[in-house]
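This report refers to the structure that appears directly beneath it.
Nothing in this text is a laboratory measurement; each read-out follows from the coordinates by a stated rule. Predicted, not measured: the structure shown is a model, and the values here were computed from it. Positions of Cβ are generated from backbone atoms using ideal geometry, with glycine treated the same way; all protein chains shown enter the neighbour counts.
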Amino acid sequence: MRSAFWRSAVPTIRFSANLGFLWQELALPDAIRRAKDAGFDAVECHFPYAVDPAAVKAALDETGLKMLGLNTSRGDREGDFGLAALPDRVEEARAAIDQAVDYASAIGAGAVHVMAGKSQGVDGAQATFEANLAYACEAAGDMTILIEPINQRDAPGYFLSYQAQAADIVARVGKPNLKIMFDCYHAQIMEGDLLKRFEQHLPMIGHLQIAAVPSRGEPDEGEIAYDRLLPAMAGFGWDGHVGAEYRPRTTTDAGLGWMTAYKSAARS
Ligand SMILES: O=C(O)[C@@H](O)C(=O)CO
Ligand SMILES: [Mg+2]
C-alpha cells in the first residue's frame, strides 16, 4: 500500500501540518519553519498558549504560511477535554473562548475549535454548549468557530461524537461562522461511510483532517484509502486544506513519504 499510494491522477490538494502532533519536539515557531521546508501549504495547532504569539506571528510571516486554527484550552482539572458543554463551568468555558479568540487574532489564524468536553448524558449539556457556541461566534467576528465530533474510544464521554449531531447543533445555533471540523479518523471510528457523510454535511464543513485508522499514524496505512477518499472529496467540491493530524510512526520527517508521493503524482 505505501509504495502504491497516489497511484492515479490526483487533483490539487493543499495540506496543513497539524503542529499539535507533527514536530512536537520543536518550539512552535521552529515547527512552522520546518512545515514550510517540508512543503506544507499551511499549519494548524492545538494549544499554543505557552508560546509568545509575537514569535508565532513572526514565523508565519517569514514562511508565508497561515495558521488555520487552534483549540480552546482543555481546562485545568485532571481529565478535562474541553469546557464548552459543561453546565457548571460556563465562566471558565467563556474565558477559554476569549483566550483562544485573542490568541487567534494576534497571529491571524482563521478558526478556533471550541472543545465541548466530557459531558455526555449530563443535564443541560446541549443548551450550555449551544449558548457558549453562540457566545464564541459573536466573539470571533470574521473568524470561523469549529466543533469536532471526537471518537468515544479516545475520549470516553465526550459530548460530541457524530456528524449529524454536529450538524444539528450548527443548525440550532444558527450562526454563519459556526462550522464542523470533519476529522476522518474520528468519523471512521464512530460511524464510517465517510464519503456519504462528508457529502451530506459539506455546506457545514469548515475543516477536514486525516490520520490512519486505527493507528492514528500516517495516512498511508490502515483501513481508510485516502488515495481514493481525498480525490473523491475534492470531486464533491472540497477546496479547503486537508489537515495532517496524525501521530508519526517514528519521526515526522521519516513519515512524510505520503506527501512526497502525492506531490510527485500531482506533478505527473
Ligand atoms: O482530533 C483531534 O484530536 C483534534 O482535532 C483536537 O482538536 C482535539 O485536541
Ligand atoms: Mg481532529
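Quick notes on this one:
- Fluctuation leader among Ala104, Ala131, Ala212 - the chain, Gaussian network, Cα springs under 10 angstrom: Ala131
- Nearby aspartates and glutamates by direct alpha-carbon distance to Lys118 (threshold 20 angstrom, same-chain neighbours under 8 apart not counted): Asp76, Glu78, Asp80, Asp88, Glu91, Glu92, Glu130, Glu148, Asp154, Asp168, Asp183, Glu191
- Here is how the number arises for the chain: DSSP H runs of 4 or more residues each give -39500 (n - 2.57), the sum is divided by the residue count, and the result at 222 nm is -12000 deg cm²/dmol.
- Residue order for Thr250, Thr72, Thr260, fewest other beta carbons within 10 angstrom first, comes to Thr250, Thr260, Thr72.
- Looking at the range 51-156, none of the chymotrypsin sites (Phe, Trp or Tyr not before Pro) sits in a DSSP loop with at most 14 other Cβ atoms within 10 Å of its own Cβ.
- Restricting the range 61-126 to GluC sites (Glu not before Pro) in coil, as DSSP defines it, with at most 14 other Cβ within 10 Å: Glu78
- Degrees separating the helix 90-107 axis from the principal Cα axis of the chain, which is the longest one: 40
- Lys/Arg +1, Asp/Glu -1 at C-beta; the chain dipole; positive extreme among Val112, Tyr185, Gly174: Tyr185
- Normalised by the number of residues in the chain, the mean separation of alpha-carbon contacts (under 8 Å, six or more apart) gives a relative contact order of 20 percent.
- Violating pairs (Cα-Cα greater than 21 angstrom) within the set Lys196/Lys263; Lys66/Lys179; Lys36/Lys57; Lys179/Lys263: Lys196/Lys263; Lys179/Lys263
- Approximate spin-label separation Thr250-Ser105, in nm, with each point projected 7 Å along Cα-to-Cβ: 4.6
- Cβ-based exposure ranking for Thr144, Thr128, Thr251, Thr63, in which fewest neighbours within 10 Å come first: Thr251, Thr63, Thr144, Thr128
- The range 121-251: relative contact order in percent, alpha carbon pairs under 8 Å with at least 6 residues between: 20
- Dipole magnitude for the chain: computed about the Cα centre from +1 point charges on Lys and Arg Cβ and -1 point charges on Asp and Glu Cβ, it is near 740 debye.
- Antiparallel %, DSSP beta bridges [both residues in the chain], to 5: 5
- Computed E for Glu223/Glu91 - FRET, C-beta separation, R0 35 angstrom, nearest 0.05: 0.25
- Once exposed loop trypsin sites (Lys or Arg not before Pro) are cut out (DSSP; at most 12 other Cβ, 10 Å), longest piece of the chain: 154-268
- Projecting label points 7 angstrom from Cα along Cα→Cβ for Asp239 and Arg267 puts them 2.5 nm apart.
- Spin-label model distance (nm) - Ala232 vs Tyr162, 7 Å beyond Cα toward Cβ: 2.2
- Restricting the range 187-268 to GluC sites (Glu not before Pro) that sit in a DSSP loop and have at most 16 other Cβ atoms within 10 Å of their own Cβ leaves Glu191, Glu223.
- Ordering Ser105, Ser16, Ser264 from the fewest to the most neighbouring beta carbons within 10 Å gives Ser264, Ser105, Ser16.
- Principal axis dimensions, largest first and in whole angstrom, of the chain by Cα: 53, 41, 33
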